[in-house]
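We did not get these values from a lab; they are worked out from the coordinates using the rules stated. Note that the structure is a prediction, hence the values are computed from the model and not measured. All Cβ positions, even for glycine, are placed from backbone atoms using ideal geometry, and neighbour counts span all protein chains on display.
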Number of protein chains: 2
Amino acid sequence: MTIMKGLWLEDGALAFKDDLPYPEISGEEALIRVNLAGICATDLELLHGYYAYCGIPGHEFVGEVISAPANPALQGKRVVGEINIACGVCDYCMSGRRTHCVNRTVLGIRNRPGAFADYLSLPISNLYVVPEGLKDEIAVFCEPLAAALQIQEQIHVQPGDRVLLVGAGRLGILIAQTLALTGCDLIVLARYPQQQAILKSFKISVVDHNAIPDQSQDLVVEATGTAEGFTIANQAVRSGGTIVLKSTYKGNTTVNFSQLVVREIRLIGSRCGPFAPALRMLANGLVNPLPLIDSTMALEVGISAFERAAQSGVLKVMIKP
Amino acid sequence: MTIMKGLWLEDGALAFKDDLPYPEISGEEALIRVNLAGICATDLELLHGYYAYCGIPGHEFVGEVISAPANPALQGKRVVGEINIACGVCDYCMSGRRTHCVNRTVLGIRNRPGAFADYLSLPISNLYVVPEGLKDEIAVFCEPLAAALQIQEQIHVQPGDRVLLVGAGRLGILIAQTLALTGCDLIVLARYPQQQAILKSFKISVVDHNAIPDQSQDLVVEATGTAEGFTIANQAVRSGGTIVLKSTYKGNTTVNFSQLVVREIRLIGSRCGPFAPALRMLANGLVNPLPLIDSTMALEVGISAFERAAQSGVLKVMIKP
């Protein structure tokens, strides 16, 4: 058996290992060498027990297909990959909702070794070929950008809408860019000067909390994952408006349901999104993720990379095997 | 000054009075003699401090226009009335969302004497003339039926949808009838034998809690106003599905936001609805509220009427001035 390097999560502790089993692939899967992988908030939450996951973490990646027996034409191609591996036969799969497959495994999150390693495997049907000329440093953002676009898969953001984004972290800045493309009247609450500077470089309005009138926003996207963020969202949204929950939340949140009823507020949970449009938007430059990159570190110092990513205000830390 | 009979709510205590001030009307208002008024859950909650309302309660009514200076043709007409009195100039009003007017008064709920009295006043623009031949006993259900229809103003219930209604009280049975008209696969959790019997008389399926598979419903309407009802709704809704909150809730409810996010659930608060279609559906017999009527009592024994309405399983108690 061939072995490889990778990060290993077990009981909330992360370790670097150089003797991890090499992925074995079934007939419909591809073996992929990881070129670059990004650390996201969910990875950090996994260390704190968000899911009881044991294995190699990491789900944002770009890599090269080493072997794909069922489709040899893929060999040598650079790819990104949809992280939900669906069974194809449950009610969700049969009704076209594969990301909600009840039997799904999720790359680096649930019962499926992830991307912080030399190699990973995914079903061929999960792969999207990266256009030539699109750099790894950009293509690696396909998964979080897809998550940002899921908001617009779920709700219709109109050009005339007043929209508030609460939080401008790794995912928030991608969300801000996608929302700005609708022509909506977008304002963003960003905590850190660096976040504010990036948003301003994109001509996106950064506002102070006190400058947001109560009940003024048609749509609020809550991307902080905190009770405080939800309180701000609830205050800013107009009656009859929508709050999208777009983050990982710890524990339970207290909600005044009567207020939701009287003000007829919509609360929408939002998770994974569509890869094809995300890849298009990266390829044609509609979204520019490069300012998000904080640093790129080797797999061998992956634990330091996680420590760096966990610091307040730090944006995207990449791991390069 | 002329005086009239009515119920009076103050500091959570209800009293019958025979010396209440007669409504004075402004130029754009009509004076209406109340024929019949219904007690709903919100009225019962007002007694428990849902709003700090002091005055005449009651907002479901049918009555006769005694005087309408700005539109004398209305005189003698039977009417029902939209309960939100909007300012017409705030942002909500200007964008067509008058039920969310920030300056609104609400008949019998907020800063506006209500229907449990001999007379009430409302702006002429709030009135809907009841078609001849439509009995008071039916027309009086226009307001709660409008609230039931609000669900379909907010979301598109498709004929192929699997829909669960949790709770079959006064409002629930009206909701059940409106949902059944879409052709959807509707099942209802009804607690009391009488509720079950009414639903069955409408050929609506009543189910046992244990018979609802987890994550099986495209839409769940929560109409119990309890944390237990929400738990059931949350369990029954499919990922990517919708929960409509259609009741008055006491205090705060604890929600696992990460579950909402991972399962991409939509939570929608729903309140007042459109009167015109409600009146059409009562007039053409698409909805039959008559089996809901528990009893009709005189204004003088209004306190007994409230006591009766507060008993478990009792449906609609009417007050007749």
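A few remarks follow.
- The range A:48-95 shape via C-alpha gyration tensor axes, a/c threshold 1.5: oblate
- Dividing the mean sequence gap of close Cα pairs (under 8 Å, 6+ apart) by how many residues the range B:58-119 holds gives a relative contact order of 31 percent.
- The range B:170-321: C-alpha gyration tensor shape, a/c 1.5 cut-off, then a/b vs b/c: prolate
- Within chain A, antiparallel bridges make up roughly 55 percent of the DSSP beta bridges whose residues both belong there.
- Summed side-chain charge close to A:Arg191 - residues other than A:Arg191 whose Cβ falls under 12 Å, Lys, Arg +1, Asp, Glu -1: -2
- Shown here for the range B:126-185: GluC sites (Glu not before Pro) in loop regions (DSSP other than H, G, I, E, B) with at most 13 other Cβ atoms within 10 Å, namely B:Glu132.
- Length released on extending from B:Asn103 to B:Gln194, taking residue separation times 0.36 nm less the Cα-Cα span: 28.7 nm
- Label-to-label distances for A:Asn103 across copies, nearest first, come out at 6.2 nm, using points 7 Å from Cα in the beta-carbon direction.
- Its residue count N sets the reference 2.2 N^0.38 Å, and the alpha-carbon radius of gyration of the range A:1-46 equals 1.36 times that reference.
- Cβ-based charge dipole, the range A:221-273, positive-most Cα from A:Gln235, A:Thr254, A:Gly269: A:Gly269
- Per residue of B:262-274, other chain Cβ atoms within 10 Å of the residue Cβ number 6 on average.
- The string of couplings for the range B:142-157 from the Karplus curve (6.51, -1.76, 1.60, θ = phi - 60°) is 4, 5, x, 5, 4, 4, 5, 5, 4, 3, 7, 6, 8, 10, 8, 8 Hz, one whole number per residue in order, with x for Gly and Pro.
- Bridge type composition, the range B:94-233 - antiparallel percent by DSSP, nearest 5: 10
- Computed over Cα pairs, the Kirkwood radius of the protein assembly as shown leads via Stokes-Einstein (1.306 mPa s, 10 °C) to a diffusion coefficient of 59 µm² per second.
- Charging the Cβ of each Asp and Glu at -1 and of each Lys and Arg at +1, and nothing else, the dipole of chain B about its Cα centre rounds to 500 debye.
- Sparse-neighbour loop sites [trypsin sites (Lys or Arg not before Pro); the range A:42-139; at most 16 other C-beta within 10 Å; DSSP]: A:Lys135
- Summary value for the range B:154-209: 35 percent relative contact order, contacts being C-alpha pairs under 8 angstrom separated by 6+ residues.
- The range A:239-285, Rg to Rh (Cα coordinates; Rh as Kirkwood inverse mean 1/r): 1.18
- Across chain B, C-alpha contacts under 8 Å between residues 6 or more apart give a mean separation that, scaled by the residue count, equals a relative contact order of 19 percent.
- Computed extension length for A:Val301-A:Leu44: 90.9 nm, one decimal, from 0.36 nm per residue of separation with the Cα-Cα distance subtracted.
- D (Stokes-Einstein, µm²/s), Kirkwood Cα radius, the range A:58-192, 1.002 mPa s at 20 °C: 128
- Label reach from A:Ala276 (point 7 Å along Cα→C-beta): in the range A:152-196, amide nitrogens under 15 Å belong to A:153.
- Take each residue of peptide B:234-245, count the partner chain Cβ atoms within 10 Å of its Cβ, and average: the result is 3.
- Kirkwood Rh, Cα atoms: Rg over Rh of the range A:5-105: 0.99
- Over the range A:184-244, the fraction of Cα-Cα pairs per 10 Å bin, rounded to whole percents and listed from the shortest bin up, is 22, 54, 23, 1.
- When the listed pairs A:Lys200/A:Lys316; B:Lys250/B:Lys316; A:Lys5/A:Lys250; B:Lys203/B:Lys246; A:Lys250/A:Lys320; B:Lys5/B:Lys135 are checked against a 26 Å cut-off, the alpha-carbon distance exceeds it for A:Lys5/A:Lys250; A:Lys250/A:Lys320.
- Cβ nearest the rotation axis (B onto A), residue from chain B and distance to the nearest whole Å: B:Leu267, 2
- Where Rh is the Kirkwood radius over Cα pairs, Rg/Rh for the range B:176-218: 0.96
- For the range B:126-134, Karplus couplings with θ = phi - 60° (6.51, -1.76, 1.60), whole Hz, Gly/Pro x: 8, 8, 10, 6, 7, x, 4, x, 8
- Computed from the C-alpha gyration tensor, the three semi-axes of the ellipsoid equivalent to the range B:147-215 are 18, 15, 11 Å, from longest to shortest.
- Looking at the protein assembly as shown alone, DSSP beta bridges between its own residues are antiparallel in about 60 percent of cases.
- Simple spin-label estimate for A:Asn256 and A:Glu153 gives 3.5 nm between the two label positions (7 Å along the Cα-to-Cβ direction from each Cα).
- Cut-off 17 Å, label 7 Å out along Cα→Cβ of B:Thr182, residues of the range B:194-210 by amide N: B:204-205
- Diffusion constant of chain A at 10 °C, which comes from Stokes-Einstein with the Kirkwood Cα-pair radius and 1.306 mPa s, µm²/s: 78
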